[in-house]
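Following: one structure in structure tokens, then a few remarks.
The values are calculated or read from the model by the stated rules, or taken from the named source; none is laboratory data. On a predicted model such as this, the values are computed, not experimentally measured, just so you know. For neighbour counting, all protein chains shown are included, and Cβ atoms are generated from backbone atoms with ideal geometry for every residue, glycine included. Accessible surface areas use protein heavy atoms only, side chains included; no ligands, DNA or RNA. Shrake-Rupley method; radii C 1.70, N 1.55, O 1.52, S 1.80 Å.
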There are 2 protein chains.
Amino acid sequence: MKDFTVDYFTMTEQDAMEYAKAINLFPEDAELTCKEIGDGNLNYVFKIVNIKNHQSIIIKQAGPVARISDEFKLSPDRNRIESEILGLQYKLAPGFVPKVYNYDPIMNCTVMDDLSNHEIMRTALLKHKKFPLFADHITTFLVNTLLLTSDVVVEHKEKKELVKQFINPELCEITEDLVYTEPFYDCPRNEVFEGSKEFVKEVIWNDKKLVLESAKLKFEFMTNAQSLLHGDLHTGSIFIKKDSTKVIDPEFAFYGPAGYDIGNVIANLIFAYANGKFTIEDKETRDDYINYLITTIKDVINLFTVKFNKTWDEKATERVARYEGFKEYYLDTILRDTAAVAGLELLRRIIGLAKVKDITSIQEREARIRAEKICLTAGKTFILSRQSIKTGADFINVIQSAELSSVKGA
Amino acid sequence: MKDFTVDYFTMTEQDAMEYAKAINLFPEDAELTCKEIGDGNLNYVFKIVNIKNHQSIIIKQAGPVARISDEFKLSPDRNRIESEILGLQYKLAPGFVPKVYNYDPIMNCTVMDDLSNHEIMRTALLKHKKFPLFADHITTFLVNTLLLTSDVVVEHKEKKELVKQFINPELCEITEDLVYTEPFYDCPRNEVFEGSKEFVKEVIWNDKKLVLESAKLKFEFMTNAQSLLHGDLHTGSIFIKKDSTKVIDPEFAFYGPAGYDIGNVIANLIFAYANGKFTIEDKETRDDYINYLITTIKDVINLFTVKFNKTWDEKATERVARYEGFKEYYLDTILRDTAAVAGLELLRRIIGLAKVKDITSIQEREARIRAEKICLTAGKTFILSRQSIKTGADFINVIQSAELSSVKGA
């Protein structure tokens with residue numbers, strides 16, 4: 001049996017089972033099986049089941065090098081950040097994140113709830129499944145994790161210690177590069193679909209005003225320590241089933257602009273929308289699915305707003321936060337940042353290195369080009385008009401206008 | 001002889017001399033004298049001289065409790081922050097900060113250059129002395145310490161480690177309370193001169209728009225990790241003589257909005273202006289001094305702008321900082337924050353707990369009321385019109401308009 005207490009090594013499935021036994025997560029007589037099920041880019045994920053009683057857990061181990069590419073070298077400190085933030089989010093938004101049983105700073109791994117009865121939301125959306133409770137669940141998660149970690153609610157000295165605890169230089173660098181920099185010029189690392197190349201060049205890279213806005217937003221991302229973010233809240237970071245939503249993989253967590261998380265949720269719902277639009281053949285099924293997504297996008301914004309106001313009224317401790325007009329101003333800046341980040345995510349997933357299957361799985365060339373045009377056009381509008389996009393209806397309006405213009409353009 | 005290596009204790013003058021010998025700062029046969037010369041609120045400052053050769057040094061020890069009042073309990077970690085930032089500033093702006101010889105985390109003290117041949121700038125200005133090189137010196141200090149610690153120049157992962165190193169919860173809390181909160185309502189801790197009370201109530205506390213802006217600025221201060229600030233850059237934190245300017249006491253240092261330091265310099269020059277206006281009897285002397293201050297205020301803004309642009313062009317490493325229009329945008333936000341903070345400092349020194357001698361030393365009642373009115377009126381304009389105050393002339397214009405309106409009001 002290997003010694004887990006001395007030096008870090010990358011575990012095999014066999015090691016993971018031995019590890020689980022070593023830390024007494026299963027009874028002596030358990031009969032374990034293990035499978036590495038990671039499909040992310042940065043970690044190894046072992047699912048371990050006691051076949052005697054179907055009890056199961058997950059061990060997530062940070063690899064020594066990010067799996068996305070050898071270019072990204074990451075220190076395994078991200079697993080410390082992840083286990084600490086999961087613990088915090090579990091308190092702030094109970095029921096919406098997995099429970100953590102153990103964090104091991106030597107093996108750089110976290111042991112947590114197995115959520116195999118859930119499905120990765122992106123995968124489910126690719127099958128065009130609907131989750132009518134998602135908007136309600138995710139907005140509770142968003143309001144609780146974002147507002148309840150801000151200076152509006154947290155005592156300021158304590159908040160500064162949290163900022164310090166979650167300084168996350170390496171993971172933030174990935175975002176700064178992949179989201180805020182590379183998509184805005186002809187960077188060799190970009191991967192633009194050949195049918196969209198001309199459009200990207202003309203409409204994105206040649207638009208000096210847009211490119212300038214991206215720089216402002218990059219500095220906002222790097223300097224605005226507003227809320228403790230998840231930092232990577234796309235539909236691949238959400239486990240879902242009809243009656244349950246669990247947010248996972250918060251290793252990008254750091255103090256940043258609250259709108260970052262909300263904008264990512266919105267953009268990834270728009271990818272699902274584009275997918276449904278161009279891959280569902282039956283009109284009735286398609287309309288039904290598209291309507292579900294429109295409702296969900298609207299609800300995410302509108303329910304966020306409602307719950308934000310309610311939570312603020314109940315929980316704000318900062319004296320000046322009670323000044324007339326301040327809550328409205330503050331929410332306004334969050335919605336502005338939400339629109340901007342929705343735009344950035346829409347652009348970077350089409351132009352940059354990391355793609356989403358919602359778009360890349362669209363087989364028909366012209367359909368994919370149109371789907372990409374919608375994302376690019378909407379993304380650009382979200383960024384340029386971010387000051388005036390405030391309600392669920394405003395967000396839908398941007399998407400539908402982009403769709404219209406993609407037809408005209410075709 | 002006491003043991004300095006075990007536990008912290010507050011040093012007497014005798015202890016300080018023994019300490020200096022214990023760490024070998026003077027030769028064996030030195031004949032030392034020591035005087036505690038601290039007039040600040042937070043620390044003990046010992047000046048130690050070898051009377052044989054006039055060699056001298058300063059030992060600055062953090063008291064266990066802030067001296068301003070027993071209400072402020074501060075951990076002595078501020079001395080670690082101070083010695084670390086002095087070392088960094090010494091590299092970034094050589095010649096404009098004292099050299100540090102030793103930092104002792106047990107005794108919580110820093111040993112540094114004795115600057116007794118300099119004078120505290122506020123004291124010198126109270127004598128209406130002029131320092132024609134000050135604007136040139138301080139703008140070099142400001143551009144170098146602010147721009148060269150920002151994401152424009154510093155590699156972003158390294159910058160995040162600096163943010164972490166200089167998280168400064170307790171000292172920031174003092175600023176959040178005394179500058180951003182208490183001056184904007186009838187807080188028991190305020191100390192409003194009885195002759196100004198009515199004006200403060202009507203023009204400041206009853207102006208809901210102004211009060212709302214103060215809340216926005218407070219959150220900006222708490223969340224915008226732009227540059228490594230001095231954090232308390234008034235004329236009492238500057239040692240000066242004709243040909244030399246040394247910035248001291250950076251214990252409030254943390255990553256915050258760059259305009260904070262510049263705004264403090266401007267406001268404190270305005271206090272000197274108000275003092276000169278109402279305490280110099282001879283018209284010619286008065287006009288000459290006032291003109292000197294007007295030129296200095298103008299130059300601080302205009303030279304800052306010139307040097308900022310030059311340093312940016314030479315030193316910016318961040319790719320997106322080179323986008324067309326970004327430098328102008330960035331400078332614009334710094335000047336906006338400069339105006340706002342100048343306004344905040346003007347208000348808080350008149351309304352709040354911590355006063356400046358420039359104003360409190362004005363003996364004649366009506367003169368003091370007019371001086372305070374000028375500061376309050378200018379302060380309010382700086383905050384409300386901060387978006388459009390961009391040049392040295394704009395800053396002077398605000399001051400002169402406030403002066404005019406104080407005459408009309410009288």
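For segment B:188-216, the set of residues classified as acidic (Asp, Glu) and within 14 Å of chain A (Cβ to nearest Cβ) consists of B:Asp207, B:Glu213, listed by residue number. When each of A:Ile262, A:Ile294, A:Ile270, A:Ile240 is tested for being crowded, with 17+ Cβ neighbours inside 10 Å and in contact with a Cys (Cβ under 9 Å, 6 or more places away or on another chain), the lone residue that passes is A:Ile270. Residues in segment B:360-395 that are touching a Gly at 6+ places or on another chain (Cβ under 7 Å) and either at positive phi or open to solvent by less than 10 Å² (accessible area, probe 1.4 Å) (or both): B:Gly379, B:Phe382, B:Ile383.
Here B:Asp337 meets each of (1) closer than 19 Å to B:Tyr180 by Cβ; (2) more than 14 Å from chain A (Cβ to nearest Cβ); (3) among the charged types (D, E, K, R) with one exception, condition (2). Inside segment B:169-180, residues that are facing chain A (nearest Cβ under 8 Å) and open to solvent by 10 Å² or more (accessible area, probe 1.4 Å) make up a count of 3. Put simply, of A:Lys315, A:Lys307 the only residue that is over 18 Å from the mean Cα position of the chain (by Cα), modelled with pLDDT of 95 or more, assigned by TED's automatic domain parsing to the domain that holds A:Ile369 and under 26 Å from A:Gly236 (Cβ atoms) is A:Lys307. If the condition is being over 18 Å from the mean Cα position of the chain (by Cα) and either more than 15 Å from B:Phe184 (Cα to Cα) or open to solvent by less than 10 Å² (accessible area, probe 1.4 Å) (or both), then segment A:319-335 contributes A:Val320, A:Ala321, A:Gly325, A:Phe326, A:Lys327, A:Glu328, A:Tyr329, A:Tyr330, A:Leu331, A:Asp332, A:Thr333.
Matching residues to (1) farther than 23 Å from A:Leu171 by Cα; (2) in contact with a strand residue (DSSP E or B) (Cβ under 8 Å, 6 or more places away or on another chain); (3) not β-branched (Val, Ile, Thr):
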{"site": "A:Arg80", "(1), (2), (3)": "no, yes, yes"}
{"site": "A:Ser83", "(1), (2), (3)": "no, yes, yes"}
{"site": "A:Val97", "(1), (2), (3)": "no, yes, no"}
{"site": "A:Cys109", "(1), (2), (3)": "no, yes, yes"}
{"site": "A:Leu115", "(1), (2), (3)": "yes, yes, yes"}
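Restricting A:Glu158, A:Glu213 to those that are surrounded by 20 or more Cβ atoms within 10 Å (Cβ to Cβ) and of a type outside the set (Val, Ile, Thr) reduces the list to A:Glu213. Considered as a group, the residues in segment B:89-103 that are out of contact with any Lys or Arg (no Cβ under 8 Å at 6 or more places or on another chain) and part of a helix (DSSP H, G or I) include one that is surrounded by the most Cβ atoms within 10 Å (Cβ to Cβ), and that residue is B:Gln89.
Tell me yes or no: at least one residue of segment A:314-323 is without any contact (Cβ under 8 Å) to a residue 60 or more places away in the chain, away from chain B (no Cβ under 14 Å) and among the charged types (D, E, K, R). Yes; the residues of segment A:314-323 include at least one that is without any contact (Cβ under 8 Å) to a residue 60 or more places away in the chain, away from chain B (no Cβ under 14 Å) and among the charged types (D, E, K, R). With respect to the conditions (1) farther than 30 Å from B:Glu318 by Cβ; (2) facing chain A (nearest Cβ under 8 Å), B:Lys160 lacks only one, and its number is (1).
Return yes or no: is A:Asp261 part of a loop (DSSP other than H, G, I, E, B) and within 19 Å of A:Asp337 (Cβ to Cβ)? Considered against the rule, which asks whether it is part of a loop (DSSP other than H, G, I, E, B) and within 19 Å of A:Asp337 (Cβ to Cβ), A:Asp261 comes out as no.
In segment A:396-405 there is no residue matching the filter, namely being touching a Leu at 6+ places or on another chain (Cβ under 6 Å), buried (at least 20 other Cβ atoms within 10 Å of the Cβ) and within 23 Å of A:Asp232 (Cβ to Cβ).
Residues of segment A:118-148 that are open to solvent by 10 Å² or more (accessible area, probe 1.4 Å) and closer than 30 Å to A:Ala321 by Cβ: A:Asp136, A:His137, A:Thr140, A:Asn144, A:Leu148. If you go through segment A:349-359 and pick out every residue that is open to solvent by 10 Å² or more (accessible area, probe 1.4 Å) and touching a Phe, Trp or Tyr at 6+ places or on another chain (Cβ under 8 Å), you end up with 1. Regarding A:Asn275, is this residue under 15 Å from the mean Cα position of the chain (by Cα), assigned by TED's automatic domain parsing to the domain that holds A:Ser401 and open to solvent by less than 30 Å² (accessible area, probe 1.4 Å)? Here the answer is no, as A:Asn275 does not meet what is asked. Checked against (1) part of a loop (DSSP other than H, G, I, E, B); (2) within 14 Å of another protein chain (Cβ to nearest Cβ); (3) of a type in the set (Asp, Glu), B:Glu281 passes all but a single condition, namely (2).
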